[in-house]
Amino acid sequence: MASVDSPEPVPGALEGAPDASGVFVVKLTGEIDISNAATLGNALDAMIAGVDEPIVVDLSGLEFMDSSGIAMLLRTVGGAGSVEVRNPSTVVRRIIECTGLAEILRIAS
């Protein structure tokens, strides 16, 4: 993770593919904030277009997410129907829980 005084932002990234059981898994990494949420959200929408339920969003590589990231995930739930969030960091889990969205974003233990 970049230090607080770093002039370079830490970019966010995503990749997706079906796992061995056929469930489509999207892995988000880096940071999601207002500077990149729209771009990542559009890429995510394109990636999951036509994918049957369920979709798993793996947040193990996500270091930070602000409300823009939450909005992006909610849009994914609205478009896909069944979305499960896995492996959020303590910080990201707390953001999801503090917003009261843990049941909608379905955090898997």
Check your understanding: When only residues in segment 39-66 that are small (Gly, Ala, Ser) and surrounded by 14 or more Cβ atoms within 10 Å (Cβ to Cβ) count, which is nearest to residue 17 (Cα to Cα)?
Key -> 43
Practice item. For residues that are among the small types (Gly, Ala, Ser) and within 14 Å of residue 73 (Cβ to Cβ), tally how many sit in segment 23-52. Key: 4
Revision key, fill the gap. Those residues of segment 7-30 which are assigned to a loop (DSSP other than H, G, I, E, B) and of a type in the set (D, E, K, R) amount to 8, 19
Check your understanding: In the set 58, 66, 33, which member is acidic (Asp, Glu), under 16 Å from residue 106 (Cβ atoms) and at pLDDT 90 or above?
Key -> 58
Check your understanding: Is it true that some residue in segment 31-38 is surrounded by 12 or more Cβ atoms within 10 Å (Cβ to Cβ), among the polar types (S, T, N, Q) and either touching a residue at least 60 places away in the same chain (Cβ under 8 Å) or not in a strand (DSSP E or B) (or both)?
Key -> yes
Review point. So which residues in segment 91-109 are of a type in the set (Lys, Arg) and assigned to a loop (DSSP other than H, G, I, E, B), if there are any at all?
Key: 106
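Can you tell me how many residues within segment 53-89 are of a type in the set (Asp, Glu) and assigned to a strand (DSSP E or B)?
3
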Review point. Surrounded by fewer than 20 Cβ atoms within 10 Å (Cβ to Cβ), without any contact (Cβ under 8 Å) to a residue 12 or more places away in the chain and either over 18 Å from residue 102 (Cβ atoms) or of a type in the set (Ser, Thr, Tyr) (or both), is that true of residue 17?
Key: yes
Exercise for review: With the condition kept exactly as written, say whether any residue in segment 3-12 is at pLDDT 90 or above, of a type in the set (Asp, Glu) and exposed (fewer than 15 other Cβ atoms within 10 Å of the Cβ).
Suggested key: no
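Being of a type outside the set (Val, Ile, Thr) and at pLDDT 90 or above is true for just one of 75, 93. Which residue is that?
Result of the check over 75, 93: 93.
The values are calculated or read from the model by the stated rules, or taken from the named source; none is laboratory data. Every value quoted in this text rests on a predicted model; they were computed, and no experiment measured them. Cβ coordinates were reconstructed from backbone atoms using ideal geometry, including for glycine residues, and neighbour counts include every protein chain displayed.
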